[in-house]
Amino acid sequence: MIDRQTVDRIFAAADIVDVVSDFVTLKKKGVNYQACCPFHNEKTPSFVVSPSKGLYKCFGCGKGGNAISFVMEHEGLSYVEALKWVAKKYGIEVREKEQTPEERQRNDDRESMMVVTSWANQYFESQLRTPEGESIGVSYFRERGFTDATIAKFQLGYCPSKGDAMTRAALSEGYQESFLVGTGLTIKREAANGGGYYDRFCGRVMFPVHSLSGRVIAFGGRTLRTDKKVAKYLNSPESEIYHKSNTLYGIYFAKKAITQFNRCILVEGYTDVLQMHQSGVENVVASSGTSLTVEQIKLIKRFTKNVTVIYDGDAAGIKASMRGIDMILREGLTVRCVLLPEGEDPDSFARAHNATELQAYIEEQEEDFISFKTRILLGDAAEDPIKRAEVISSVVESIATIPEAITRSVFIRECARKLEIDEDILIREVAKKRVTMVDGQAGREVAENQRRKEQFLQRQEGDPTAAPSYSPEGLFAEPTAPVDLAPKLSFAEQGLNRELEQLERELVGYLLKYGGENFDFEMSPAEIVSLSVAETIIGDLELDRIEMHSPLCRQIYEEYVRIYHEENRAPEVNRFINHPSAEVASLVVDLLTQEETYAPSRMWERYEIRVSTERERLGEAIPKAITIYKSKVVCSIIASLQKELLGIQTMEEAQEIMQRLGALNELRKSIYEKYLRTV
């Protein structure tokens with residue numbers, strides 16, 4: 001872990017213009033810099049870098065943040081990796097916490113293994129220039145249609161067929177046997193079998209596997225022998241530096257394009273990735289012929305929430321991989337599928353088409369996964385009612401994995417139409433499946449939701465007319481217990497949630513931009529008082545014990561309040577621009593740059609029409625924002641209690657809730673009368 005002092009030095013040294021200029025050509029425009037956004041395709045520059053604020057913002061795709069978050073986003077690095085990247089750029093020594101001897105030894109061993117795999121990669125590349133490597137390795141790559149540029153880009157190679165040639169070369173150059181064995185490059189024979197070494201990949205063409213940062217961590221080797229007893233592909237075993245379930249082949253070369261196009265294309269094997277890259281489609285990775293894992297899906301999710309899976313015409317292969325796609329849906333990603341013509345795979349299809357043709361085919365043929373699955377499975381079911389029921393059950397299971405209630409609802413409606421089945425039946429079946437899927441955690445979640453609800457009710461029992469406390473997790477958490485209908489919010493509740501979040505963003509934005517300033521508030525035509533922005537917002541919300549609904553807004557607000565109370569002043573906004581959380585930093589940048597999107601146009605200036613600034617409107621805007629927000633909080637609690645009222649079994653419970661509803665309605669009325677003068 002990097003110590004706080006070093007982190008502060010890195011942030012202090014990081015010049016946002018200097019850092020971004022390493023990747024993007026910036027042009028000065030006024031006090032800021034502009035460029036075409038590196039994160040999405042555009043012809044008109046909408047990417048702005050502000051040196052004074054130390055932030056970047058794209059007004060096209062919405063991405064924004066500080067120097068560190070830019071490096072994270074652009075290079076696909078973790079927070080710590082990005083800090084180290086910037087530290088290296090500015091010559092800052094990174095100090096990490098004192099490690100135990102065991103930790104130091106483990107890190108040293110990992111680095112030694114990385115050094116060994118790097119050497120091996122160079123060795124395999126060099127073997128392509130030997131007579132054996134040219135006649136076998138280069139010939140194979142040429143036969144597959146790979147150019148010299150592709151071979152060099154992906155660092156392809158060849159391991160000699162002599163059983164221990166690579167190991168002997170490594171040992172002669174001083175590399176330790178333990179690390180050669182530890183990485184799986186070398187297999188050590190037992191003494192009973194004559195001893196000695198054996199190269200795991202002897203006689204195979206080599207496909208190095210790169211980490212997210214570009215270091216070689218493993219290999220895949222393909223044999224060119226026709227012996228059916230010999231595995232066609234052989235991969236490095238699990239090791240300290242390589243965990244197959246955490247790795248996607250080609251991710252290092254694809255991450256920039258995935259971010260740029262906001263889509264990841266998923267294929268099966270090494271050559272599929274190589275051929276598509278060579279054809280000009282670079283946002284593509286492979287699971288390397290293994291079943292997709294949650295870790296691999298989360299790796300994709302770091303760059304995009306949109307996945308396109310390309311299938312060849314093998315029906316058995318499609319059905320076998322569908323469970324992996326359900327896992328992608330479960331992680332909240334959007335999945336689309338493309339079926340290639342019969343007899344084609346991504347390798348052969350990409351070889352026969354250029355980038356334009358390939359992209360056009362993908363765009364024309366891709367369909368959402370639920371529609372794809374329904375079509376594929378219905379083709380086998382024909383008119384058989386039993387098979388049709390199995391298809392429905394399988395589709396329901398896929399829909400049930402989707403965490404987003406609105407998305408589930410859309411797919412349920414679409415499947416009801418395609419499968420010609422009553423929508424209410426699908427809704428109930430999806431709800432049952434969801435309960436079964438989360439069986440292990442359902443009890444815990446239900447108990448937690450019940451605890452929150454009881455806490456909420458207990459707070460109101462002391463004084464039913466008091467301003468209500470607000471716990472969004474308890475009120476809006478999606479139930480996982482068995483229910484008759486699929487768990488979902490009504491359109492009115494969805495709209496209320498959106499309004500609450502928008503108002504919370506507005507209040508947090510005022511704190512970040514003007515927290516340390518005062519504004520004039522008109523108590524009466526004859527009395528104007530000066531109020532602190534931070535004191536007014538924080539004091540009002542704390543008085544009514546209101547907790548924000550949006551997780552990100554709540555995190556920023558609570559951290560802001562903590563610093564405000566500890567230091568007795570509004571915190572510097574740079575603390576949040578340079579926040580360790582990329583999500584927090586991104587939202588802060590959004591809030592800080594929001595005013596610029598509504599700035600008066602030159603037309604107003606031309607006609608000498610003066611438009612007041614946001615700062616000048618604070619005296620009216622802040623009290624109004626607080627008031628409307630409070631009224632929406634009350635509305636949300638009323639909506640929750642009304643929903644709860646539908647499930648009440650006894651008259652006593654109903655009367656108790658009705659009493660609270662009456663008090664809340666009176667409170668809502670008083671808010672409107674006091675501030676808005678309307679009911």
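The values are calculated or read from the model by the stated rules, or taken from the named source; none is laboratory data. Predicted model, so just to flag it, every value in this text is computed and none were measured. Reconstructed Cβ throughout: ideal geometry from the backbone, glycine too, with neighbour counts over all protein chains shown. Note: areas computed on protein heavy atoms with side chains; ligands, DNA, RNA excluded. Shrake-Rupley method; radii C 1.70, N 1.55, O 1.52, S 1.80 Å.
Carbon-plus-sulfur accessible fraction, region 11-52 (probe radius 1.4 Å, protein heavy atoms only): 52%. Protection proxy ranking, highest mean first, for peptides 177-186, 64-73, 105-114, 534-543: 64-73, 177-186, 534-543, 105-114, where packing is the per-residue count of other beta-carbon atoms within 10 Å, averaged.
Grab the beta carbon distance between Glu240 and Lys153, set R0 = 25 Å, and tell me the FRET efficiency rounded to 0.05. That pair, Glu240 with Lys153, gives E of 0.40. Among the listed pairs Lys188/Lys228; Lys256/Lys305; Lys57/Lys513; Lys57/Lys153, a Cα-Cα separation exceeding 22 Å is found for Lys188/Lys228; Lys57/Lys153.
Which parts of region 1-38 would a label at Glu81 reach, counting a residue when its backbone N lies under 17 Å from a point 7 Å out along Cα-to-Cβ? Only 1-2 fall inside the zone, counting backbone N under 17 Å.
Once divided by 2.2 N^0.38 Å, the Cα radius of gyration of region 119-268 becomes 1.09.
Centre-to-centre, using Cα atoms only, region 504-522 and region 51-95 are separated by 28 Å.
Residues of region 138-162 falling in the label zone of Asp227, defined by backbone nitrogen less than 16 Å from a point 7 Å along Cα to beta-carbon, are 160-162. Hey, with R₀ at 22 Å, roughly what FRET efficiency would Met658 and Arg545 work out to, going by the Cβ-Cβ distance, to 0.05? Computed FRET efficiency for Met658 and Arg545 comes out at 0.45. Packing-based ranking of 117-127, 616-626 yields 117-127, 616-626, ordered from highest to lowest mean Cβ neighbour count within 10 Å.
With 29 Å as the limit on Cα-Cα distance, the pairs of Lys89/Lys255; Lys232/Lys301; Lys27/Lys63; Lys53/Lys88; Lys255/Lys433 that go past it are Lys232/Lys301; Lys255/Lys433. On region 200-290, 45 percent of the accessible area sits on carbon and sulfur atoms, based on a 1.4 Å probe.
Take region 14-78 with all the other protein chains still there, run a 1.4 Å probe, and you get 42 Å² of accessible area per residue. A simple spin-label model places pseudo-atoms 7 Å from Cα toward Cβ; at Ser118 and Glu567 they are separated by 4.0 nm.
Simple spin-label estimate for Arg323 and Lys27 gives 5.5 nm between the two label positions (7 Å along the Cα-to-Cβ direction from each Cα).
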